[in-house]
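Single-structure report; data block below.
Please treat every number below as a calculation from the coordinates, not as lab data. Only a predicted model underlies this, so the values are computations on that prediction, with no experimental measurement involved. Please note: Cβ atoms are built from the backbone with ideal geometry, for glycine as well, and neighbour counts cover all protein chains shown.
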Amino acid sequence: AVSLLEIPERDIYRATHCLLTNYKNTSIRADMTKVRGLAALSKGAPFTRFDFERRELGSNDVKIDIAYAGICHSDIHQVREEWGPALFPMVPGHEIAGVVSEIGSAVTKFSVGDHIGVGVFIDSCRNCKPCKDGLQQYCDQGMTGTYNQLERDGKTPAMGGYSNIMVINEDYAVSIPENLPLDGVAPLLCAGITLYSPIKHWKAGPGKKVAVMGLGGLGHMGVKFAAAMGAEVTVFSHSPSKEGDAKAMGAHHFVSTKSPDFNKSLIKHFDLILNTVSAELNINDYLQMLNVDGTLVVIGLPGKPYAVEVGSLLPARRSLSGSMIGGIAEMQEMLNFCGEHNIVSDVEVIKADYINQAYDRTVASDVKYRFVIDATTF
Ligand code: NAP
Ligand code: ZN
Ligand code: ZN
């Protein structure tokens with residue numbers, strides 16, 4: 001087995017080409033599942049139609065007819081190799097909502113017809129302390145990403161949700177409350193859990209002043225969750241036109257970051273600041289707004305380090321922390337919370353052939369507030 005991760009960057013295109021040729025030459029075994037999807041064949045390449053196969057259904061696997069797949073900014077970072085060398089051909093997509101079409105003989109969590117979701121990982125070691133504590137995203141051996149990674153067999157490239165069918169071990173999928181529409185649910189599988197988890201961990205609720213930086217796919221879910229939990233919510237945005245939407249989602253205050261003095265009246269103001277911005281910024285402007293013992297949680301992943309001034313942390317015993325998605329149990333808790341409170345993402349549903357424009361519009365912060373691809377159009 002060849003690990004693409006071990007191949008020097010200049011050879012990745014050749015390896016990709018071999019892989020594609022292999023796909024073409026391998027006669028499709030009856031027990032494999034033929035899948036239609038979209039792939040980027042190399043760094044930053046426009047998406048093309050891509051046919052591939054998924055494994056036969058194992059006894060603990062479920063087969064999913066994907067209904068919608070969200071476009072997360074992490075998909076874009078990886079296709080464009082903004083986080084380093086990536087695995088191609090890449091079928092991104094880790095915000096997956098669909099319907100169970102078939103179950104393996106030992107499956108207990110799901111039945112055919114159930115609404116089901118898959119997020120950012122499809123497996124983990126299952127034995128380390130984080131895995132046993134339900135924090136699979138912090139697995140000591142590394143979670144197995146839904147794409148841009150080899151599966152735990154060390155050889156099968158994982159293929160994500162920009163496709164019409166998924167096969168997954170039932171332990172790494174979650175149940176979607178039947179009262180929620182699948183298009184609005186898809187983004188909950190990454191954007192939703194990624195904000196729900198820190199909002200719960202740092203106990204945002206009544207009496208707490210919470211700020212959300214960036215009103216994008218992640219940020220708008222942060223506003224909805226923090227408001228639903230009773231916190232006083234402020235949005236920091238470089239898009240002044242989003243003020244009305246932010247307030248409709250539950251924000252109490254909206255601050256445009258366009259003016260250099262935007263933080264001056266808010267020094268030592270917040271208990272919790274959630275940074276979902278996908279681009280570089282001066283983190284000190286935000287740290288200064290934390291009250292005593294407040295925490296700024298880094299969630300956005302621009303791929304470059306922040307320059308943190310010590311003087312931004314010391315004067316109020318401030319903390320700078322980070323948070324990454326959430327574990328399976330917490331994903332289920334988040335979806336149940338959404339079912340009870342009727343919370344879904346605000347989405348623009350697109351057809352597969354709009355994907356390249358959707359990427360450009362996402363990078364331009366021009367989406368309300370998440371693109372989801374209708375999987376019947378792959
Ligand atoms: P998104 O929909 O593109 O939203 C990002 C928001 O950041 C934009 O809507 C915009 O909000 C703001 N922004 C973008 N460019 C900016 C700039 N040049 N200056 C200032 N603000 C800017 O992206 P997303 O899908 O929410 O993801 C956000 C980040 O989180 C990405 O880096 C992604 O990789 C990362 N992420 C992390 C995790 C995790 O587990 N930690 C999970 C998923 C994603 P305004 O228009 O309101 O300013
Ligand atoms: Zn994501
Ligand atoms: Zn583990």
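May I ask for the angle, rounded to the nearest 10°, between helix 328-341 and the longest principal axis of the chain, with both axes built from Cα atoms and the value confined to 0 to 90°? Helix 328-341 and the main axis of the chain meet at about 70 degrees.
Please compute the volume of the convex hull spanned by the alpha-carbon atoms of the chain and report it per residue in Å³. Could you put the intermediate results ahead of the total?
Numbers: hull volume 52.5 nm³, N = 378.
Hull volume normalised by residue count: 139 Å³.
About its Cα centre, the chain has a charge dipole of approximately 540 debye under the convention of +1 per Lys or Arg Cβ and -1 per Asp or Glu Cβ, with nothing else charged. Once the Cα atoms of helix 191-201 and of the chain are each reduced to a long axis, what angle between those two axes, in degrees from 0 to 90 to the nearest 10, is obtained? Value to nearest ten degrees: 50.
The stretch between Val349 and Met324 holds 6.4 nm of extra length on full extension. This uses 0.36 nm per residue minus the Cα-Cα distance. So if I place +1 on the C-beta of Lys and Arg and -1 on the C-beta of Asp and Glu, and nothing else carries charge, what would the dipole magnitude of region 19-167 be about its Cα centre? I want it in debye, nearest 20. That gives region 19-167 a dipole magnitude of about 240 debye. Using only side-chain charges placed at the Cβ, +1 for Lys and Arg and -1 for Asp and Glu, the dipole size of region 185-312 relative to its Cα centre rounds to 240 debye. The string of couplings for region 249-254 from the Karplus curve (6.51, -1.76, 1.60, θ = phi - 60°) is 7, x, 5, 8, 9, 9 Hz, one whole number per residue in order, with x for Gly and Pro. Extension gain, Asp374 to Asp360, is 3.2 nm, computed as 0.36 nm per intervening residue step minus the present C-alpha separation. Round to the nearest 10 and give me the degree value, 0 to 90, for the angle of helix 9-25's Cα axis relative to the longest principal axis of the chain. Value to nearest ten degrees: 40. Each residue of region 117-123 was assigned a 3J(HN,Hα) from its phi angle through the Karplus curve 6.51 cos²θ - 1.76 cosθ + 1.60 (θ = phi - 60°); the sequence is x, 10, x, 7, 9, 10, 5 Hz, with glycine and proline shown as x. Taking amide H as placed 1.01 Å from N in the peptide plane, Val235 has its amide H under 5 Å from the amide H of Val212, His253, Phe254, Val255, each at least 5 places away in sequence or on another chain. Shape class of region 278-378 from the Cα gyration tensor (axes a ≥ b ≥ c, square roots of the eigenvalues): oblate, since a/c reaches 1.5 or more and a/b does not exceed b/c.
Among Gln78, Gln137, Gln357, the largest mean-square fluctuation in a Gaussian network model of the chain (Cα springs under 10 Å) belongs to Gln357.
Taking only DSSP H segments of four or more residues, each worth -39500 (n - 2.57), what value at 222 nm results for the chain once the sum is divided by all its residues, to the nearest 500 deg cm²/dmol?
For the chain, the value works out to -7000 deg cm²/dmol.
Once you have a ≥ b ≥ c as the square roots of the Cα gyration tensor eigenvalues for region 28-150, tell me rounded if a/c is under 1.5, and otherwise prolate or oblate according to whether a/b is larger than b/c. Judged from the Cα gyration tensor, region 28-150 comes out oblate (a/c at least 1.5, b/c at or above a/b). Most simply put, the chain has about 55% antiparallel DSSP beta bridges, counting only bridges with both residues inside it. If you plug the beta carbon distance of Asp171 and Lys203 into 1/(1 + (r/R0)^6) with R0 = 30 Å, you get a FRET efficiency near 0.60.
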